């Protein structure tokens, strides 16, 4: 019965997107999973410009960033959307972690405060986005509290979701583990940094929205 209900809801969403010419696409995931790197890859591919800055320090993105009017094409198919890059979702943000990474106490406290606000804002934005791409680090255990929290929010809203297993260029990457963790969603493995399988990502995006 639940499967039938989910299929019905999915069909309703597909019908809506067939009629809707423009939508809001949100990038979600834990810190350092590669959301902004993927955002930059998309905007460079289709707009010729980067969307945000990237660093190895967690919570580099601490504010919602929106890039409007991105049009991607594949054959005769075309999608038009606003891309929303969100701060990394975390269940705990401790300024001491930034201190250990080499930041001053003052800067660490400021970053932790901004990051906490960013997480709250990202959750609020879930009510405004039409489609969500969940970006996960394929070298990390997908069965984390953060990932389960994100997926739970998606299921509660019946939001169309595409899961991206990022960093497949690394030896520890395990796409099958991500697929096993979230079998209810389509999973595509990519390297946002190097562009590996990026065409497959675009094709999967077309499939998710109809």
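The values are calculated or read from the model by the stated rules, or taken from the named source; none is laboratory data. Quantities reported herein were computed from a predicted structural model and do not represent experimental measurements. In this analysis, Cβ positions are derived from the backbone assuming ideal geometry, glycine residues included, and neighbour counts consider all displayed protein chains.
Below is a table of values for the structure above.
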| quantity | calculated |
| --- | --- |
| Complete set of residues in region 66-94 that are more than 30 Å from residue 204 (Cα to Cα) and either in contact with a strand residue (DSSP E or B) (Cβ under 6 Å, 6 or more places away or on another chain) or surrounded by fewer than 19 Cβ atoms within 10 Å (Cβ to Cβ) (or both) | 92, 94 |
| Selection within region 186-210 - without any contact (Cβ under 8 Å) to a residue 40 or more places away in the chain, surrounded by 15 or more Cβ atoms within 10 Å (Cβ to Cβ) and assigned to a loop (DSSP other than H, G, I, E, B) | 197 |
| Test set (1) modelled with pLDDT of 85 or more; (2) closer than 27 Å to residue 159 by Cα; (3) in a loop (DSSP other than H, G, I, E, B) - residue 62 fails condition number | (1) |
| Residue in region 114-124 that is under 21 Å from residue 35 (Cβ atoms), assigned to a helix (DSSP H, G or I) and in contact with a helix residue (DSSP H, G or I) (Cβ under 6 Å, 6 or more places away or on another chain) present | no |
| Filter result for the condition that a residue is without any contact (Cβ under 8 Å) to a residue 60 or more places away in the chain and over 27 Å from residue 147 (Cα atoms), over 108, 104 | 104 |
| Selection count where residues are in contact with a helix residue (DSSP H, G or I) (Cβ under 8 Å, 6 or more places away or on another chain) and farther than 22 Å from residue 42 by Cβ, scope region 148-169 | 2 |
| Tally of residues being surrounded by fewer than 18 Cβ atoms within 10 Å (Cβ to Cβ) and either touching a helix residue (DSSP H, G or I) at 6+ places or on another chain (Cβ under 8 Å) or in a loop (DSSP other than H, G, I, E, B) (or both) across region 22-53 | 9 |
| Filtered residue count, region 133-169, keeping only those that are in contact (Cβ under 8 Å) with a residue 40 or more places away in the chain, within 17 Å of residue 183 (Cβ to Cβ) and in a strand (DSSP E or B) | 5 |
| Only one of 121, 137, 130 that is surrounded by 17 or more Cβ atoms within 10 Å (Cβ to Cβ) and within 13 Å of residue 26 (Cα to Cα) | 130 |
| Test: residue 88 is part of a loop (DSSP other than H, G, I, E, B) and either in contact with a helix residue (DSSP H, G or I) (Cβ under 9 Å, 6 or more places away or on another chain) or within 20 Å of residue 46 (Cα to Cα) (or both) | yes |
